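Heads up, the thing below is written out as structure tokens.
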Amino acid sequence: MPMITARRNLLAAASCTVLYAAHRRKRAICEGAELRRAPSDASARATRATSLLRLAEQEAAEAAAALAAETAAQTADAPSDVLVVGGGIVGASVAFHASRLGARVTLLEKASCGCEASGLSAGTLYDVGVPERVDASSAALYLRAGSASILEALGGCEFNRCGALDVAATPPEVKLLRQDFEAARSAGLQCSWHEAAEVHALEPALAGGSALAAVHTPRSGSVQPGLATLAFVEGAVAAGCAVREGAEVVSLRRTEAGLYEALTSEGDRLLAKQVVLAAGAWSAKVARSVGVHVPCVPVKGVVATLPAEPNALSKVIFDMESRACFAAEGDGRDDEMPAKCTHDRRGERRCRKLYGKQCGEADNHQLLFGGDRLLPDSDSDYAVPSASRLSVREHVLELLPKFRDFGPARAVEAGGGEWAGLMPFAHDGKPIVGELSRLGLDGLWLCCGFGPAGIMEGPKAAQVLAELVVEDVLHTTPRPRTRVAMADAESGGDDARWARVAMAWMDPCRAGCCVASEV
Ligand SMILES: Cc1cc2nc3c(=O)[nH]c(=O)nc-3n(C[C@H](O)[C@H](O)[C@H](O)COP(=O)(O)OP(=O)(O)OC[C@H]3O[C@@H](n4cnc5c(N)ncnc54)[C@H](O)[C@@H]3O)c2cc1C
């Protein structure tokens, strides 16, 4: 590897790690939420950052100057093969895979990698495998199983297949869960049914609570989402990707030569053959500059934590209340509201929601419970509504009375906390992934709209997308624009068939999704 690239990689890796931690601390302090999860304390992370820093320290100034010169040169003459906008888990995964496939990739992140939804996420994973029959209705299961495998292989992110329980606490929830379970069992998915007594044996923390029955999914689990994002960034950098943090893309433009030009808030103009827009809840804002309306809005997700000893909770817990509500009353979407929020557009509660896990060492083993999903006041509204805080507490006490200490007063006293992050919710609840060629924008790809499931679905979607993008950019002969046909259904094997079906399911130009708009 040329010296300059090695130095640049080192510098970028070190700065990512350190900036990310610094950003998290800054936000915590700014918002008075100093009790947020603090991955900067994680020993694994600290060790990694320290060694990278030590190595980078001596040459940092020289490397920074060289990097600036290199970037300037690149801006002037050599376009990147692929420019990725957004350094959350989705953009970082795209950059990781595209770089490893041999493309020259630049990743632009407006603040620091992993600082938004990806770093603020709970990091629960759901994996039941895939049914034998390749079918669009199971595309999400394909993404979830594939993402879990990718994260497991990635390492350095506290991947843990501890298993999960979908818990029903009322007779209607039991009925719905049983229906879902029967369908899953006949499709050959990996799950088992348990009545209350067995549930308590599987997860002692549920004893004495309202659980009536549960479905156990042993392949599910969790990951530390901030570490996972950084592991993708570091892997991308190691494969030659240039990462620029603090570089907000304010607009995109197609040049006469058929390239894309990204204008940053610093006034830099970067050229690329292909662009992947993976800016999470801010993707629609950037897409507007090229005349595309992307139906993806920020939805606030709320999380609360409580300090705990290791092994206080052995499984990931998903409640059924919101699922039962959406099944009975509809998913709540209207012109303004995306699907599957806990509140309507006026902010009135439709249902409660609860999911929880015990974190790993990086987060001092704290218990983490997520709840409401509601519209924020703006795309920078991170305030935790007091009603959301109370709802989580009330719900935890019903389901897991063992954690009676869980609650704002005790949590603060004991070093727990709460935070909100902005999830990129697509209007119809499906991710928005693929090329905008049908809107005349060949080479512009979207990878956003993963809503509440970007950690468990994003890495696999990003891998499939990266393969398509790289195939496009590194092939000298343009291939036919039926890109969803990335693999021949007859010859590509199961994974290729699933990938093709998943790409069609996430198609950005599907009915009711992206359309041309005023620039
Ligand atoms: C509280 C909470 C709990 C969650 N729990 C889970 C869970 O248990 N399991 C799960 O699977 N998912 C969960 N999610 C959802 C998951 O975190 C998201 O779906 C996922 O992180 C989205 O990743 P992303 O990369 O698309 O977006 P983000 O992580 O938001 O990344 C987008 C990045 O783009 C950057 N950016 C924005 N605009 C620009 C621009 N103009 N130029 C350059 N950069 C830009 C941002 O700074 C940001 O870093 C949760 C989310 C929250 C908030």
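The values are calculated or read from the model by the stated rules, or taken from the named source; none is laboratory data. Since we're looking at a predicted model, the values are computed, not measured. Positions of Cβ are backbone-derived with ideal geometry, glycine not excepted, and every protein chain shown enters the neighbour counts.
Only residues that are more than 12 Å from the ligand (Cβ to nearest atom) and under 19 Å from L397 (Cα atoms): list them for the stretch 359-383, please.
We begin by selecting, within the stretch 359-383, every residue more than 12 Å from the ligand (Cβ to nearest atom); these are 360-367, 375, 377-378, 381, 383.
Within the stretch 359-383, Q366, L367 meet the criteria.
Does at least one position in the stretch 193-200 carry a residue that is surrounded by fewer than 22 Cβ atoms within 10 Å (Cβ to Cβ), in contact (Cβ under 8 Å) with a residue 60 or more places away in the chain and touching a helix residue (DSSP H, G or I) at 6+ places or on another chain (Cβ under 9 Å)?
Within the stretch 193-200, not a single residue is surrounded by fewer than 22 Cβ atoms within 10 Å (Cβ to Cβ), in contact (Cβ under 8 Å) with a residue 60 or more places away in the chain and touching a helix residue (DSSP H, G or I) at 6+ places or on another chain (Cβ under 9 Å).
Give me the residue from the stretch 430-461 that is under 14 Å from G280 (Cβ atoms) and in contact with a Gly (Cβ under 7 Å, 6 or more places away or on another chain) and, out of that set, surrounded by the fewest Cβ atoms within 10 Å (Cβ to Cβ).
Across the stretch 430-461, the extreme among qualifying residues is P452.
Where in the stretch 122-240 are there helices (runs of 4 or more DSSP H), lying fully within it, with 3 or more residues that are within 16 Å of the ligand (Cβ to nearest atom) and within 30 Å of G88 (Cβ to Cβ)?
Because the criterion is at least 3 residues that are within 16 Å of the ligand (Cβ to nearest atom) and within 30 Å of G88 (Cβ to Cβ), the helices (runs of 4 or more DSSP H) in the stretch 122-240 that meet it are 139-154, 225-238.
What pairs come up if the first residue lies in the stretch 114-125 and is over 19 Å from P376 (Cα atoms), the second is part of a loop (DSSP other than H, G, I, E, B), and their beta carbons are under 7 Å apart, counting only those six or more places apart or on different chains?
G114/G87; G114/G88; G123/V223; G123/Q224; L125/S220; L125/V223
Quick test for you: out of E245, E261, E266, E234, pick the one residue that is closer than 18 Å to V85 by Cα, free of Cβ contacts under 8 Å to residues at least 60 places away in the same chain and buried (at least 18 other Cβ atoms within 10 Å of the Cβ).
After ruling out the rest, the residue left standing is E261.
So A308 fits all but one of (1) part of a loop (DSSP other than H, G, I, E, B); (2) surrounded by fewer than 24 Cβ atoms within 10 Å (Cβ to Cβ); (3) hydrophobic (A, V, I, L, M, F, W, C); (4) modelled with pLDDT of 95 or more; what number is the exception?
So A308 meets the others, but not (4).
Before we move on, is D334 of a type in the set (D, E, K, R) and at pLDDT 95 or above?
It is false that D334 is of a type in the set (D, E, K, R) and at pLDDT 95 or above.
Okay, residues lined up against (1) assigned by TED's automatic domain parsing to the domain that holds V290; (2) in a loop (DSSP other than H, G, I, E, B); (3) over 26 Å from G114 (Cα atoms); (4) at pLDDT 95 or above:
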| site | (1), (2), (3), (4) |
| --- | --- |
| G370 | no, no, no, yes |
| P376 | no, yes, no, yes |
| S391 | no, no, yes, no |
| V396 | no, no, yes, no |
| K402 | no, no, yes, no |
| D405 | no, yes, yes, no |
| E435 | yes, no, no, yes |
| W445 | yes, no, no, yes |
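For the stretch 252-280, give me the residue count where each residue is under 18 Å from A111 (Cβ atoms) and polar (S, T, N, Q). So that I can check it myself, show each step before the final result.
We begin by selecting, within the stretch 252-280, every residue under 18 Å from A111 (Cβ atoms); these are 262-268, 270, 277-280.
Checking the rest, the ones that are also polar (S, T, N, Q) come to 264-265.
Going through the stretch 252-280 one residue at a time, the tally reaches 2.
Sort out which residues of the stretch 277-305 are small (G, A, S), within 13 Å of the ligand (Cβ to nearest atom) and modelled with pLDDT of 95 or more, and write them in order of number. Steps first, please.
Pass one, the stretch 277-305, residues small (G, A, S): 278-281, 283-284, 287, 289, 291, 301, 304.
Right, trim to within 13 Å of the ligand (Cβ to nearest atom) and you get 278-281, 283-284, 287, 289, 301, 304.
The answer is A278, A279, G280, A281, S283, A284, A287, S289, G301.
Scan (1) outside any helix (DSSP H, G or I); (2) of a type in the set (S, T, N, Q); (3) within 24 Å of D363 (Cα to Cα) for the single condition S118 breaks and write down its number.
For S118, the failing item is (1).
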